[in-house]
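For reference, the structure discussed in these notes is given below.
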Amino acid sequence: MNVLLLMIPLSIALVAGAAAAFFWAVNHDQFDDLESPKLLPLMDDPDDPAAPPGEDRTGGR
Amino acid sequence: MSAAGLAATSPGPGAPEPALWDDAELQRHVLLRRDDGRAEVVLSIGGLRCSACVLALERALTGLPGVGRVQINPASRRARVVWDDRCTRLSALLAAVTRAGFRPLPLDACALDDARRDEGRDALKRLLVAGFGAAQAMMFAVVLYVGAVDPMDTTTRDLFRWLGFAVATPVVLYSGRPFFAGALRSLRARRLGMDVPVALAIALVYGASLAVALDGGGEVYFDSVSMFVFFLLAGRYLELRGRHRALDLTDALARLTPPTADRRRADGTLEQVPVAALRAGDLVRVDSGATVPADGRLESAACRVDESMLSGESVACHRGRGDELLAGSLLVEGPAELRVMRTGAATTLAGIVALVGRAQAERPRLARASERVVASFVALVLGLAAATALAWGLADPARMFPAVVAVLVVSCPCAFALAVPAAITRTLAVLAARGVLVVRPDAIEALAGATHVVFDKTGTLTDGVRCSAMRVFGAGPTREFDADRMRQLGRRPPAEPDRAAYSALRMAAALARESRHPASLAIAAAAGDLEPPRAREIRSHAGLGIEACVDGRRLRLGRPAFALRAEQTAGVGDGVVLADESGLIAEFVLEEKLRADAAATVRALVADGLTVEIASGDAPARVRRVAARLGVERWQGGLLPADKLARLREVRAAGARTVAVGDGVNDAPVLAGADIGVAMAGGTDLARAASDIVLAGERLELLSTTRELARETLATVQQNRRWALGYNLAAIPLAALGLVPPWLAALGMSLSSLGVVLNALRIGRRRPPGREPLPAPGPAPA
């Protein structure tokens with residue numbers, strides 16, 4: 001039974017942590033647009049200045 | 001209408017000049033200055049259609065220097081940008097959006113949709129807390145139920161009770177707050193709304209459980225109360241999502257008129273000014289393809305305007321000097337010089353919008369019946385609980401408390417409260433998958449009981465014009481070709497008797513493809529695959545027709561009065577004719593093109609026992625033709641928006657419940673005023689904002705599908721209610737007598753709720769109506 005004294009607070013802490021993470025996500029616009037992110041990987045970005053094709057992508061890492 | 005739509009989306013010469021927006025006076029209205037010195041603006045984005053567009057737009061905006069946060073809501077077609085306007089000016093921001101292929105329009109700063117966004121976020125958080133809490137409370141409760149069978153010591157029992165209390169408290173106090181707030185509101189207004197009994201039940205069960213936990217006796221019901229809150233919130237959240245997808249009226253109105261106008265200065269040069277700065281008496285220039293910014297009188301010679309969205313008139317009308325042009329109508333052939341007469345709220349367009357608001361207010365409240373049932377049931381249960389308390393208080397005070405709590409829990413109005421939301425939510429999901437967006441969920445219930453359907457004609461039953469026949473005049477007898485034979489002509493050059501018809505069709509198509517006029521589009525479409533020769537020296541005559549040189553012949557295509565000399569027009573119909581200098585070559589018969597599924601939909605609705613009626617703003621003769629083709633007996637033409645609304649009241653006075661179907665601005669009041677308003681997705685924003693159901697993909701047949709599903713939903717709701725009533729009739733007396741152990745009460749409540757939800761999931765399982773089952777794949781018969 002003693003293991004309960006560890007497990008129960010742990011479970012409550014986990015739930016509280018999950019809820020806190022969720023609140024953070026909601027407040028940081030993560031749930032405002034559920035439509036477009038799923039298409040993100042499908043988009044070509046030929047003129048993305050942050051990552052020109054070639055040397056930058058391979059040389060960076 | 002389709003031609004008008006095309007013209008409206010192309011960035012015509014009437015597109016606003018972004019530099020104008022750097023005017024400080026104008027910026028005061030559209031910019032919100034944030035505490036950190038950055039600026040915030042809400043843009044209404046025209047041309048934003050899909051999620052991929054959102055990405056393109058986002059990329060265009062975030063690439064600019066100084067842009068901080070960009071939030072785009074594809075549903076409301078709004079973008080919200082926070083940026084440093086010292087690095088990038090508003091005009092540059094707008095120019096970037098325009099370059100990406102969209103039409104930005106800064107909205108008034110008060111349109112920052114904070115309230116709506118916060119409401120959505122709040123609801124999501126409350127729902128999640130309730131979900132987490134209910135799951136945890138249930139877990140701890142299971143221990144207690146097991147303890148009831150296999151006794152445990154009181155310390156362990158109390159520990160789990162207090163754990164249940166710990167997780168249920170945020171659920172009741174945080175997640176359940178909307179119920180308490182709602183109850184308080186309706187009590188202040190001296191009404192007994194749905195929230196009052198719900199809040200009372202939550203408070204009583206929670207309070208009683210707390211008292212038991214402190215007291216050390218009886219049973220606690222923290223799991224039941226958390227689950228109750230969670231289920232109710234889930235239903236409300238889905239409802240809210242649907243509500244937020246709807247457009248609001250102010251937004252729709254902002255998109256109907258252009259943001260700027262070209263005003264002529266005293267010296268004759270043009271300046272671009274915001275529409276808000278226009279005054280009566282100003283002289284304004286409107287280009288072809290642009291929208292008229294204000295009501296006014298035409299000062300230039302002639303033009304043609306498409307007023308189909310405002311009046312339902314299916315053909316673009318000719319306007320001469322001194323005629324009145326209405327704000328919001330589309331200039332098909334221009335340019336036009338306009339002397340402004342009325343602006344802003346005084347325009348005819350604004351008048352229609354005001355009518356929408358009034359119609360919405362007077363719409364009968366009939367759909368809340370389900371809520372009243374729940375409210376009266378909960379009130380009844382509370383009464384029974386009070387009676388139980390009284391009876392046990394007299395007989396055996398020690399057993400009073402457990403019995404009262406058992407009554408409250410076992411009857412916990414879950415099954416009742418869930419009966420409607422569960423069924424409606426399921427229906428909404430099924431409908432969304434079939435292309436029907438339900439904006440106001442209670443429209444489902446209303447639709448099942450509807451008796452009348454009032455259709456608009458232009459843009460709803462019909463969709464543009466088509467060329468139904470061609471008459472070729474020549475040396476021999478006049479020959480007539482129907483649409484099918486015209487298409488065959490276009491496919492391959494024919495043998496002798498049809499040679500003349502072939503060359504007439506070629507020449508007509510050569511001229512027709514030089515114009516965007518709906519009639520030209522229809523003729524070009526009728527020619528099908530035919531490759532027309534090149535037309536030269538093309539001259540377009542506003543409101544009359546087109547003139548050009550083809551293969552060395554000077555040809556005219558258009559109204560008979562334009563194409564033919566006066567003495568030749570005798571005996572020619574009112575269609576479009578093709579003629580050269582020596583006379584008539586061919587005549588094209590145009591008729592309104594019915595939507596492919598219009599006839600089938602009308603038949604299905606009539607077979608379903610509904611009365612179908614057409615109310616249109618178009619000329620009665622045209623309405624009559626369409627009504628005859630669809631087999632609709634009741635029709636009215638030439639109606640103004642207010643007339644349509646009056647007609648609706650007439651029908652309703654006879655006890656009918658009406659569905660209105662439309663797409664134009666002139667339909668908006670009737671859509672708002674009908675019991676159920678149904679808009680076509682391709683229609684105007686105003687019509688969509690005013691209606692309850694939007695048919696996507698321009699498919700009218702979805703209306704009968706929706707109606708069928710609505711009936712199924714209502715049947716399921718009835719089933720659920722009967723089931724909940726039966727369960728409660730059996731359980732409450734037992735609980736009142738103190739015969740139901742707490743674990744059984746909680747189990748009964750959960751199972752009755754589950755039964756209701758599972759039953760609701762059966763909605764839409766049946767095959768969509770009108771579609772035959774596919775033959776099973778198997779070996780082909782020998």
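Here is how the numbers come out for the structure above:
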| quantity | calculated |
| --- | --- |
| Those residues of the range A:1-58 which are surrounded by 10 or more Cβ atoms within 10 Å (Cβ to Cβ), more than 10 Å from chain B (Cβ to nearest Cβ), at pLDDT below 80 and not in a loop (DSSP other than H, G, I, E, B), in sequence order | A:Asp56, A:Arg57 |
| Some residue of the range B:682-692 being surrounded by fewer than 18 Cβ atoms within 10 Å (Cβ to Cβ) and closer than 23 Å to B:Leu610 by Cα | no |
| Residues of the range B:604-661 that turn out to be in contact with a His (Cβ under 9 Å, 6 or more places away or on another chain), more than 30 Å from B:Val589 (Cα to Cα) and among the β-branched types (Val, Ile, Thr), as a count | 4 |
| B:Ile732, sole failed condition from (1) under 28 Å from B:Ser376 (Cβ atoms); (2) modelled with pLDDT of 85 or more; (3) among the β-branched types (Val, Ile, Thr) | (2) |
| Matching residues, the range B:534-566, being touching an Asp or Glu at 6+ places or on another chain (Cβ under 6 Å), surrounded by fewer than 17 Cβ atoms within 10 Å (Cβ to Cβ), more than 13 Å from B:Leu578 (Cβ to Cβ) and in contact (Cβ under 8 Å) with a residue 12 or more places away in the chain | B:Ile538, B:Cys549 |
| Strands (runs of 3 or more DSSP E) wholly inside the range B:600-696 containing at least 3 residues that are not basic (Lys, Arg) | B:611-615, B:658-662, B:676-680, B:693-695 |
| Considering residues of the range B:311-366 that are assigned to a loop (DSSP other than H, G, I, E, B) and at positive phi only, the residue modelled with the lowest pLDDT | B:Gly312 |
| Strands (runs of 3 or more DSSP E) contained entirely in the range B:249-296, each with at least 2 residues that are modelled with pLDDT of 85 or more and more than 18 Å from B:Thr348 (Cα to Cα) | B:260-264, B:283-286 |
| Pair list, Cβ under 9 Å, 6 or more apart: the range B:382-406 residue under 21 Å from B:Val196 (Cα atoms) and modelled with pLDDT under 80, other residue among the polar types (S, T, N, Q) and assigned to a helix (DSSP H, G or I) | B:Val404/B:Thr388; B:Val405/B:Ser209; B:Ala406/B:Thr388 |
| Flag if B:Arg190 is outside any helix (DSSP H, G or I) and free of Cβ contacts under 8 Å to residues at least 40 places away in the same chain | yes |
| Segments classed as strands (runs of 3 or more DSSP E), wholly inside the range B:382-475, with at least 3 members that are of a type in the set (Gly, Ala, Ser) | B:462-472 |
| Residue list for the range B:702-754, restricted to those being closer than 15 Å to B:Val381 by Cα and outside any helix (DSSP H, G or I) | B:Leu737 |
| Selection count, the range B:741-764, where residues are hydrophobic (A, V, I, L, M, F, W, C), over 16 Å from B:Ser209 (Cβ atoms) and surrounded by 17 or more Cβ atoms within 10 Å (Cβ to Cβ) | 5 |
| Checking B:Val172 against (1) under 20 Å from B:Ala403 (Cβ atoms); (2) surrounded by 14 or more Cβ atoms within 10 Å (Cβ to Cβ), the condition it does not meet | (1) |
| Any hit, the range B:706-715, residues being without any contact (Cβ under 8 Å) to a residue 24 or more places away in the chain and more than 14 Å from the chain's Cα centre (by Cα) | yes |
| Unmet criterion (only one of (1) at pLDDT 90 or above; (2) over 17 Å from B:Val453 (Cβ atoms)) for B:Val665 | (1) |
| Checking B:Arg116 against (1) more than 29 Å from B:Val220 (Cβ to Cβ); (2) more than 10 Å from chain A (Cβ to nearest Cβ); (3) at pLDDT 80 or above, the condition it does not meet | (3) |
| So B:Ala681, is it touching a residue at least 60 places away in the same chain (Cβ under 8 Å) and out of contact with any Ser or Thr (no Cβ under 7 Å at 6 or more places or on another chain) | yes |
| Any chance B:Val454 is at pLDDT 80 or above, within 21 Å of the chain's Cα centre (by Cα), among the β-branched types (Val, Ile, Thr) and under 26 Å from B:Glu633 (Cβ atoms) | yes |
| Sole exception among (1) under 11 Å from the mean Cα position of the chain (by Cα); (2) at positive phi; (3) not hydroxyl-bearing (Ser, Thr, Tyr) for B:Met680, by number | (2) |
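The values are calculated or read from the model by the stated rules, or taken from the named source; none is laboratory data. Fair warning: this is a prediction, and the values are worked out from it, not measured in the lab. Every residue, glycine as well, gets a Cβ built from its backbone with ideal geometry; the counts of neighbours run over all protein chains shown.
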